[in-house]
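Heads up: the structure comes next, in structure tokens.
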Amino acid sequence: MLCCVLIACSENDISSEMFFLSILPLRHDDLKEMLDSNKDSLKLEAMKRIVAMIARGKNASDLFPAVVKNVACKNIEVKKLVYVYLVRYAEEQQDLALLSISTFQRGLKDPNQLIRASALRVLSSIRVTIIVPIMMLAIKEAASDMSPYVRKTAAHAIPKLYSLDPEQKDQLIEVIEKLLADKTTLVAGSVVMAFEEVCPERIDLIHKNYRKLCNLLIDVEEWGQVVIINMLTRYARTQFLNPNINESLLEEGSGGEKAFYGSDDDEDEDEEEKEKKAEAMAMAKRKPYVMDPDHRLLLRNTKPLLQSRNAAVVMAVAQLYFHLAPKAEVGVIAKALVRLLRSHSEVQYVVLQNVATMTIKRRGMFEPYLKSFYIRSTDPTQIKVLKLEVLTNLANETNISTILREFQTYIKSMDKDFVAATIQAIGRCATNIGEVRDTCLNGLVQLLSNRDELVVAESVVVIKKLLQMQPEKHSDIIKHMAKLTDNIQVPMARASILWLIGEYCEHVPKIAPDVLRKMAKSFTNEEDIVKLQIINLAAKLYLTNSKQTKLLTQYVLNLAKYDQNYDIRDRARFIRQLIVPTEKSGALSKYAKKLFLALKPAPVLESPFKDRDHFQLGSLSHLLNAKAGGYQELPDWPEAAPDPSVRNVEVPEWTKCSSREKRREKKVEKPFYSDSEGESGPTESADSESDSASGSESGSGSGEESGSGSQMLSFSTIAPSSTVKSYELLHRITGEGLSVEYCFSRQPFSSDANMVAVQMQFTNNSTSETKSLHMEDVKLQSGMRVKEFAEIESLPAGESATAVMGIDFCDSTQAANFQLCTHTRKFFVSIQPPVGELMQPVFLTENEFKKEQGQLMGMNEITEKLTLDIKCRNEHAIVQRVTTTANLSRVPCGSDKEFAGRTVTSGSLVLVTVVTKDEGATQLTVNCEKMVIGTMLVKDILLALTQ
């Protein structure tokens, strides 16, 4: 809350919260009087004092009625502070908060984009369930706003509404789908964040927008880049094959050529395993991996972001490369991560956590930068420990001498925790590299004479682990450590020495009983962990040397019998019954030696980061090594490559050739990518196939056959004046073989003049017949109506059929949702019209046009200026693009390019004027009785003219 206050007041030179402490408190009556004043300065001063009270933790809820009245204040500074107050107390004062809703709704239609965005932000922050429908409507309207800043705010509001009412998920997904198609970099990051919060499982929403997000990534703000990269990492893991698949298959094959424990002469190896391994090797050689062009697009477009000044962006790209890139290309991230080690200690901590995980599997990547991980005396302890971890992971036969010399310097540090970590690192190096094991062990033994007790104690613990590997060669070291029991007081070190002497008592038969004698004297004063090891030592000596230690053992067990700690008492009773056989003791006493003197496997000193790579790098879960709330698992690679055509995007109509004959002659498809790596999209070829199919059918059949035949109708016969665009309603993969496309035919709907005619084409791509195609469960917004198409009883395999339905959209771009049903399945689909399809052309003379335009001035007129490209400066191109975008008719004999139409439902007049000047300078004017339709239409026509 305090952060919001500081942001709201920053423009008034309030640089810190000390401002609040300097304000003298006023009585609530005085504040109410100031809020009721006609002067904005008094209102602003009152709001500052009220917000200061909130920052101090004082209750200001009784001022709610006085503050709410000022929500309509025209002063922006007062408005900001009123918004801050309302967000804080709206839940407590729900009834009064509802009084301000109408003001926010008016603010949503304000000409100023900042006011519209601010109104939506506060509206979405009011946690009152009763206004959920209002919030939903506001978000939907803002998602279609002309201002990208307002659309960005709409994307931010989606997760807030979802957390308030999860039942709105379906409608919010529709808004997210619409915003994902937005081409503005300002919106991209916010809508992907909303997608991650609301419906991360709906991966199908990303298909059509994947390439666009990859190409926009470089221009998105840094926060948005991190969100998009993390989302695309999970997307790529579900849609592309593992680029290192051949290497893993070869590793499996080569690893299976010789059994781990068996010899070359062992003939008992399973024949099936041999066949599988041989098949894996053959597959690796037979099918070389070819990277999907979209996979390459992602890697290519994220690589430049390794030079970003933002550490989070660099870390996001690094984790993407680690999880997605071929092994040969991952090395590019090393230099960028090393650069981040010059940042603040907080950044270093996160980066080193991830580097420590990477060095376990990709050690060679960071070996050239070994010196970058050397420790400085000014580093905090946690940074030193992580650098030690990285150095230990990078250690090999080549650089171990350099690393051990560095470790010798670290042991002299005054930071005891760091020294302890260094000693543990030396132990791990000795475990991993056998050639230096003796050297490390001798160095650790020298540390036993160190003056610092903590250094000696940690050395004892590490030596104990190393001695377990070859105890028979190091009995002198065990004797030396036995002498340290008189001096070392650290419980863990004393316990480790006693364990060593007990475990290898046969190597020191003369010293072990004497150590037990000394320990028995001090038993009552020892720590619990030491007492338990004394009992174990006594039991092992009783079993191996009972003549010398029988009485000592009984003495120790008697002391333990009356110890305050119940663990020690229970251990003493258990051992007494086990090693001293009596009539009551069971069969276990026979196996006492096997239980106590069994060979223990040597401990494996592993990195704590060994298994952390199953968490996505850079995530909070990876940092904590535990699954955090909201974490999404990184998917496994698919075994077979999914269909790449789902990412193909339909080319906009205004980028295609206007002449169908030219398009048939031009056989070369336009590639998606700018370089040679791209793959060409199927849109153009599919369109040309459709044209030729419709042409051949129209020439070979009667009128009835051409109207209901198996081929797609040529849209040019429906609306010769402009190109009619088709949209995908149901993809053949989602529809299990059934694909559906629709278009707005721009013809009057025969049953109802207030409905928009929607022509649908059904294609059965499966091998079986589809029956009973019809609509069910129609879900519409208030006022909308639908005239369903006639049921299609049968659609044979490989055939197509067309049908026409009517929809009354009530002059809005709200989607009509319904279920498309067959005899076996139901598919949820939706039809959302572009604003240009909500109108029908009307004939006006130039005088009538000027007269109507004069009556639609002021708030009903929207004007935008633009510069046309050279290709679009001729009259024919402008008329074609405008009429393609909106179903309008050209005003004849007009001095400018003028277009007229009426909305289908209400008959509201829509007038468009395009005035061209020198060098492509153009003024676009839209006059419309409905401001929302006018605003949306301006945006669409601007897009068409500037493409």
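The values are calculated or read from the model by the stated rules, or taken from the named source; none is laboratory data. All values derive from a computational prediction rather than experimental measurement. So basically every Cβ, Gly included, is an ideal-geometry build from the backbone, and we count neighbours across all protein chains shown. Side chains are part of the model used for accessible areas, which takes the heavy atoms of the whole protein and leaves out ligands, DNA and RNA. Shrake-Rupley method; radii C 1.70, N 1.55, O 1.52, S 1.80 Å.
Brief remarks on what is shown
- Computed on segment 726-834, the Cα convex hull volume stands at 92 Å³ per residue.
- Inverse mean reciprocal Cα-Cα distance (Kirkwood Rh) of segment 456-531, Å: 12.4
- The amide H of L241, built 1.01 Å from its N in the peptide plane, has D292 as neighbours under 5 Å, considering only residues 5 or more places off or on other chains.
- Loop chymotrypsin sites (Phe, Trp or Tyr not before Pro), segment 824-933, which have at most 11 other Cβ atoms in a 10 Å radius of their Cβ (DSSP): F843
- Look at the Cα gyration tensor of segment 66-144: its axes a ≥ b ≥ c give a/c of at least 1.5 with a/b at or below b/c, and that counts as oblate.
- Relative protection proxy for 119-130, 497-508, from highest mean packing down: 497-508, 119-130 (other beta-carbon atoms within 10 angstrom).
- Note on segment 284-334: the alpha carbon radius of gyration divided by the globular reference 2.2 N^0.38 Å gives 1.27.
- Unit charges on C-beta of K, R, D, E only; dipole of segment 1-227, Debye: 380
- If the segment from D452 to Y349 were pulled out straight at 0.36 nm per residue, it would be longer than the present Cα-Cα gap by 34.2 nm.
- Segment 1-227: mean projected area of Cα convex hull, nm²: 13.0
- Using C-alpha pairs under 8 Å with a sequence gap of at least 6, the mean separation divided by the residue count of segment 726-834 gives a relative contact order of 26 percent.
- Percent RCO, i.e. relative contact order, over segment 1-227, from Cα pairs under 8 Å lying at least 6 residues apart: 12
- Segment 837-946: C-alpha pair distances exceeding 20 Å, %: 32
- Over segment 95-188, equivalent-ellipsoid semi-axes from the Cα gyration tensor in Å: 20, 17, 9
- For segment 202-214, backbone phi angles converted through the Karplus equation (6.51, -1.76, 1.60; θ = phi - 60°) give residue-by-residue couplings of 7, 5, 5, 6, 8, 3, 5, 9, 4, 5, 5, 5, 4 Hz, Gly and Pro being listed as x.
- For segment 418-573, taking the reciprocal of the average inverse distance between every pair of different Cα atoms yields a Kirkwood hydrodynamic radius of 16.0 Å.
- Two-site label geometry, A753 and Q855: point separation in nm, points 7 Å out along Cα→Cβ: 1.8
- Sorting the segments 513-525, 132-144 by their mean number of nearby beta carbons within 10 angstrom, highest to lowest, gives 132-144, 513-525.
- Additional length obtainable on full extension of the chain from E221 to S37, 0.36 nm per residue less Cα span: 62.0 nm
- Ordering of 589-596, 215-222 by burial proxy (mean other Cβ atoms within 10 Å per residue, highest first): 215-222, 589-596
- Note on surface exposure: V912, V932 rank V932, V912 by accessible area, highest first, 1.4 Å probe.
- Long-range HN-HN contacts of R746 with modeled amide H, under 5 Å: A757
- Long-range amide H partners of L738 with built H, under 5 Å: N765
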